[in-house]
Amino acid sequence: MRINKYIASCGVASRRKAEEIILERRVKVNGKIVEELSFNVDEKNDLVEIDEKKIGLNKNYIYIVLNKPEGYITTVKDQFDRPSVLDLVTDISERIYPIGRLDYETSGLLILTNDGDLTYKLTHPKHEVAKTYVARVKGIPSAEKMKQFEDGLYIEDYKTAPAKIRIIDKNEEKNYSICEIKIHEGRNRQVRKMCKAIDHPVQRLKRAAMGKITLKGTEIGKYRHLTTEEIEYLKAIK
Ligand code: URA
């Protein structure tokens, strides 16, 4: 972006006034005085100062919730060139990224943002945002198995924190059940590993909610912007 336009976009001065400031040799980019009015700024990477004070564009924060289909990765790209959830977000120019991960085979709720502070907070182990999953598991877990799940169990060398599980539907003939599972942690493949540990491996997995945020009518493969209330709620989580 041309330097005078950049200065104006930062709300510091009009474009014409910005030119005057440049000619007065008061503008530095990456520590060097800007000599030319036609100078172009890389708005993401350059450090721009006026009278030794840093200026910057107000960041446009984006918060969306995507209903991830199975068969998408949640990282930018991988070595197998599999489709990424970012391929589904076509009309947002800001660089956004997912808060946490979902497995390639898992579907459901994924929040994406460019708000690094919120991402850091919600993925930090000490913030206990409940995540609700709906899992189709092999077999029908007994009360005893569900208690093990709720008390915490060992996956590898780690004991999981108390979690919740309840059967919401079952099919004895086809030998599977649909369970609602709530966990606070977010370890790699945690739900799959916990279900396997009680001998009821996951056949399909979907995340239905993160705290109070739900997919609320967002079709599979589509996304919606979070409401102001939802954003405030996420920011207020301690
Ligand atoms: N737990 C899993 O096992 N997989 C996910 O994608 C999310 C939670």
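The values are calculated or read from the model by the stated rules, or taken from the named source; none is laboratory data. Keep in mind that this is a model prediction, so the values were computed, not measured. Counting neighbours? That spans all protein chains shown, and the Cβs are built from the backbone with ideal geometry, glycine included. Areas reflect the complete protein model, heavy atoms only, side chains present, ligands, DNA and RNA absent. Shrake-Rupley method; radii C 1.70, N 1.55, O 1.52, S 1.80 Å.
Structure notes:
- Residues in the range 208-235 that are under 17 Å from Thr123 (Cβ atoms) and of a type in the set (Gly, Ala, Ser) were compared, and the one that is surrounded by the fewest Cβ atoms within 10 Å (Cβ to Cβ) is Gly211.
- Given (1) hydrophobic (A, V, I, L, M, F, W, C); (2) under 19 Å from Gly221 (Cβ atoms); (3) in contact with a strand residue (DSSP E or B) (Cβ under 6 Å, 6 or more places away or on another chain), number of the condition Ile50 does not satisfy: (2)
- Residue match in the range 61-69 (condition: open to solvent by 80 Å² or more (accessible area, probe 1.4 Å), away from the ligand (no atom under 16 Å from the Cβ) and over 25 Å from Thr227 (Cβ atoms)): no
- Exactly one residue out of Thr123, Thr90, Thr74 is at pLDDT 90 or above, within 23 Å of the chain's Cα centre (by Cα) and of a type in the set (S, T, N, Q): that is Thr74.
- Of the residues making up the range 160-186, those that are more than 16 Å from Lys206 (Cβ to Cβ) and either at pLDDT below 95 or in a loop (DSSP other than H, G, I, E, B) (or both) are Thr160, Ala161, Pro162, Ala163, Glu172, Glu173, Lys174, Asn175, His184, Glu185.
- Subset tally (residues that are among the β-branched types (Val, Ile, Thr), part of a loop (DSSP other than H, G, I, E, B) and farther than 16 Å from Arg15 by Cα) for the range 27-76: 4
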